[in-house]
1. At 25 °C and 0.890 mPa s, grab the translational diffusion coefficient of region 40-119 from Stokes-Einstein with a Kirkwood Rh over Cα pairs, rounded to a whole number in µm² per second.
2. Ignoring everything except DSSP H segments at least 4 long, calculate the 222 nm mean residue ellipticity for the chain; use -39,500 (n - 2.57) per segment, divide by total residues, nearest 500.
3. Take the cross-link list K65/K474; K283/K500; K238/K507; K65/K128; K41/K457 and give me the ones stretching past 29 Å between alpha-carbons.
4. Protein chains only, probe 1.4 Å: how do R10, R165 rank by accessible area, largest first?
5. Between beta-carbons, use under 13 Å as the cut-off and find the net charge around K65, counting Lys and Arg +1, Asp and Glu -1.
6. Can you list the residues, at least 5 places off or on another chain, whose amide H is less than 5 Å from the amide H of S371, using H built in the peptide plane?
7. When all alpha-carbon pairs of the chain are counted, what percent fall beyond 30 Å?
8. Computed FRET efficiency, Cβ-Cβ of K411 and K22, R0 60 Å: what is it to the nearest 0.05?
Amino acid sequence: MAKIEMDPQRWKQEILQKYPAKIAKKREKSIIINDGPENVKPIQANIRTIPGIITQRGCTYAGCKGVVLGPTRDIVNLVHGPIGCSFYAWLTRRNQTLPPTPDSPNYMMYAFSTDMQDSNIVFGGELKLKQACREAFEIFKPKAIGIFSTCPVGLIGDDVHAVAREMKEELGINIFGFSCEGYKGVSQSAGHHIANNALMKHVIGLNDTCAKGKFLINMLGEYNIGGDAFEIERIFEKCGITLNSSFSGNSTIEQFERAHMADLNVVMCHRSINYVAEMMESKYGIPWFKVNFIGAKSSAKSLRKIAEYFGDKELTDNVEKVIAEELAIVKKEIDLIRPKTEGKMAMMFVGGSRAHHYQELFGELGMRTMSAGYEFGHRDDYEGRRVIPSIVVDADSRNIEQLTIEKDEAKYRQRKTEAELSTLEDSLKFNEYEGMMVEMAKGTLVIDDLSHYEMEKLIEIYHPDVFCAGIKEKYCVQKMGIPLKQLHSYDYGGPYAGFKGAVYFYKDIDMIVNTSVWKLIKAPWETEAVIEAEYAA
Ligand code: CFM
């Protein structure tokens, strides 16, 4: 089969031609040829995956239990469901945690499950759930238990919230439930929203003591994958910025409870936690803006934004000193590596924020991102938050509770006057996320919820030097002779955040794109005749 040129228009046509007409019509709206920052085009996102298509996505339970609550070390995360849902969520996401002392509570290595059986599906599982709460309490004496619903729980109608209320009363600790059945939304993204809502309803604002420090911030949407949060904590500490709470890398329930005491919320992963940022602003008056600690330059920029917000001479000087020191080390490394990576091509299809953030690091390596997309991002993650009012709310989104948040008169505190906020607005861009597309070059392909077939075609035609995705894609891609870098688990490497992380990333990518081993592998279409058929109906 003749290879078509690296022409995105022809690539798109070729893909769509292969699909049945109805599917082509749907997929067409999720495959966008980027037209440069001035002309960001609408993309279809956050809709159901077409049945039969192999998607990269996960489920709502994964987004709620695994992603948002998973990294918190001292909540017993109890899964109400068949054991498989727990087993496949057990230590598969690489968030790390560091308890202050060896005997501080840390349940991250455990998998708590009600292990539902056929009889529970038929006769109900609430009794078993209560028993599991009691058992967990007896053994671990945790400060809190979170109950996570898997698909069958919703199907048979077990009321996890009623059980949570009853057990909270009986055991005297905070117990809260999540209706995060896997099917509840079109992807993990619904689970983020459900997790955000429950944190807001049951946890945030319970404890009025805060971390000790002059510049008190919360870090939202950083989950300490591969130790990223440790590196960010190191940088904050060096700068004199105090982390009051983290959602939720290396966090504790106490941090969530006191989150309302901070002076500022900074948002790293917009997709998973923007709801909490918005709700905390309405309820407690905490302003928020977007940061990015992936990439040395964006880390520096994010630190400067935080310093500017506080407007303190000593902090600003300190931040500049730290940036100068750290960037000097980074520069030494990148000067050695960049000549070897310059001009190479990357593609990344991950989650709802990293496909954007990691383009910064590839940019520092002089590499081009020819194609990128999210698994479950919404239009705002692609086009920027300004499109939110124009997003059509469909039945799947309406399925997720939208909390009405009111000002908490007792705990609301105005951090900055309106005048101060408007002077800062220009550089800090409060409540804004500009999305991925403005930062991508003209002629690049932006694809939402990439299908397996589309992935194969991207590789066949573009032959990128590295393809970034997850474990489900890894070995398929590598069998085609293209190295795959996992951006979910970092292939058990990392951290990649901050300044030290950037250097680790440069080194890992250098190794990946410059090894000759991949040339020894031939993709099936390079060695065998291809049998093709036309769809006729
Ligand atoms: Fe946010 Fe994440 Fe991501 Fe995400 Fe995720 Fe993740 Fe991800 Mo895997 S919260 S959207 S649901 S940055 S688990 S830590 S790596 S898909 S890009």
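The values are calculated or read from the model by the stated rules, or taken from the named source; none is laboratory data. Just so you know, these numbers come straight off a predicted model, no measurement behind them. Here Cβ is always computed from backbone atoms with ideal geometry, including for glycine, and neighbour counts include all displayed protein chains. Note: areas computed on protein heavy atoms with side chains; ligands, DNA, RNA excluded. Shrake-Rupley method; radii C 1.70, N 1.55, O 1.52, S 1.80 Å.
1. After rounding, the answer is 162 µm²/s.
2. One gets -12500 deg cm²/dmol as the mean residue ellipticity at 222 nm.
3. K283/K500, as the Cα separations exceed 29 Å there.
4. Solvent-accessible surface, decreasing: R165, R10.
5. Taking every other residue near K65 into account, the sum is +1.
6. HN-HN under 5 Å from S371: M348, L445.
7. Summing the P(r) of the chain above 30 Å gives 51 percent of all pairs.
8. 0.70
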